[in-house]
Amino acid sequence: MSFNWKKFSILPAVILMAGSVAMAQSTTTTTASTPDPSIAQRKENQQQRIGNGVASGQLTAGETANLETKEAAINGETKADRAADGGKLTAAEKTQINGQQNKLSNQIYQDKHNAATQNYGKSEVGQRQTDQQQRIAQGIKSGQLTAGETAKLENNQRAINQQTRADRAANGGKLTGGEKAQINHEQNQQSRNIYNKKHNANTQPGAKPK
């Protein structure tokens, strides 16, 4: 009985081709079922830039509140668009969202590079303000704070900062004992708000907790 070597030399090639086709089909299926990450990644990048600006003092509380209010509006629009299209975004919607993110990106850059900075000084009151901003910055970058939550916290912090400046201006640059006690009381409330918002069920869409 003669052995057909030609027949068996062809067999591995056939198996290899079949395996390649199966892998290609599997890859195609995975790619098709994976949502386009560009929109979510863009949001995360913006949040990282804002968080870095808060941590470095390049962004004031007021600037951060304004930026995050706009980011929250973009997030809300994106969520509504997805809900209306079965969880997906049309090409036109993606274009519009990217256009809005481009404008926000430019504003982040401008706010981080203008003359306004957040420098609270080394006093006890100033250090407390710095600590709050660092906690907010960490929450932004980790995704624990949504854009809307950050906007509310920073609006609160801006009000405390304005009150502190007004008190100092009225007293030759100093704070009275009563004013310090009042500011610390407001910072205690702010501290609880930061903790509660960082530990609730809300997270920033597109952000990856670290």
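Could you check, for region 191-210, whether at least one of its residues is among the polar types (S, T, N, Q), part of a helix (DSSP H, G or I) and buried (at least 19 other Cβ atoms within 10 Å of the Cβ)?
To start, the set of residues in region 191-210 that are among the polar types (S, T, N, Q) comprises 191, 193, 196, 200, 202-204.
Restricting the remaining residues to those that are part of a helix (DSSP H, G or I) gives 191, 193, 196.
Still in the list and also buried (at least 19 other Cβ atoms within 10 Å of the Cβ): none.
No, the conditions are met nowhere in region 191-210.
Among Ala137, Ala151, Ala159, which is the only one that is touching an Asp or Glu at 6+ places or on another chain (Cβ under 6 Å), surrounded by 12 or more Cβ atoms within 10 Å (Cβ to Cβ), closer than 18 Å to Val54 by Cβ and not acidic (Asp, Glu)?
Values: Ala137 fails: touching an Asp or Glu at 6+ places or on another chain (Cβ under 6 Å); Ala159 fails: touching an Asp or Glu at 6+ places or on another chain (Cβ under 6 Å).
None of the others qualify; the one that does is Ala151.
Considering each of Glu68, Glu77, Glu63 in turn, give the residue that is within 22 Å of Lys152 (Cα to Cα) and touching a residue at least 60 places away in the same chain (Cβ under 8 Å).
Working: Glu77 fails: touching a residue at least 60 places away in the same chain (Cβ under 8 Å); Glu63 fails: touching a residue at least 60 places away in the same chain (Cβ under 8 Å).
When all the criteria are applied, what remains is Glu68.
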Unmet requirement for Gln118, which otherwise passes all of (1) assigned to a loop (DSSP other than H, G, I, E, B); (2) touching a Lys or Arg at 6+ places or on another chain (Cβ under 6 Å); (3) not β-branched (Val, Ile, Thr) | (2)
Any chance you could count how many residues in region 121-134 are surrounded by fewer than 17 Cβ atoms within 10 Å (Cβ to Cβ) and of a type in the set (Lys, Arg)?
-> 1
Which residues, counting only those in region 52-98, are crowded, with 16+ Cβ neighbours inside 10 Å and among the aliphatic types (A, V, I, L, M)?
-> Val54, Ala55, Leu59, Ala61, Ala65, Leu67, Ala72, Ile74, Leu89, Ile97
For Asp131, which of the numbered conditions (1) assigned to a loop (DSSP other than H, G, I, E, B); (2) over 20 Å from Ala201 (Cα atoms) fails to hold?
-> (1)
Which numbered condition trips up Gly99, out of (1) under 30 Å from Lys79 (Cα atoms); (2) in contact (Cβ under 8 Å) with a residue 40 or more places away in the chain?
-> (2)
All-but-one check, Ile97 against (1) farther than 23 Å from Gln190 by Cβ; (2) within 15 Å of the chain's Cα centre (by Cα), failing number (2)
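Only one of Gln182, Gln163, Gln134, Gln118 is within 16 Å of the chain's Cα centre (by Cα) and either over 19 Å from Lys43 (Cα atoms) or not β-branched (Val, Ile, Thr) (or both). Can you tell me which?
Working: Gln182 fails: within 16 Å of the chain's Cα centre (by Cα); Gln163 fails: within 16 Å of the chain's Cα centre (by Cα); Gln118 fails: within 16 Å of the chain's Cα centre (by Cα).
Answer to the check: Gln134.
Yes/no matrix, rows are residues, columns are (1) over 30 Å from Gly76 (Cα atoms); (2) charged (D, E, K, R):
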position	(1), (2)
Gln144	no, no
Ala151	no, no
Asn155	no, no
Ala166	yes, no
Ala170	yes, no
Lys174	yes, yes
Lys180	yes, yes
His185	yes, no
Asn196	no, no
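Any read-out appearing in this document is the output of simple, stated calculations on the displayed coordinates, not a laboratory observation. These figures come from a predicted structure and were not determined experimentally. Note: ideal-geometry Cβ built from the backbone for every residue, glycine included; neighbour counts use all protein chains shown.
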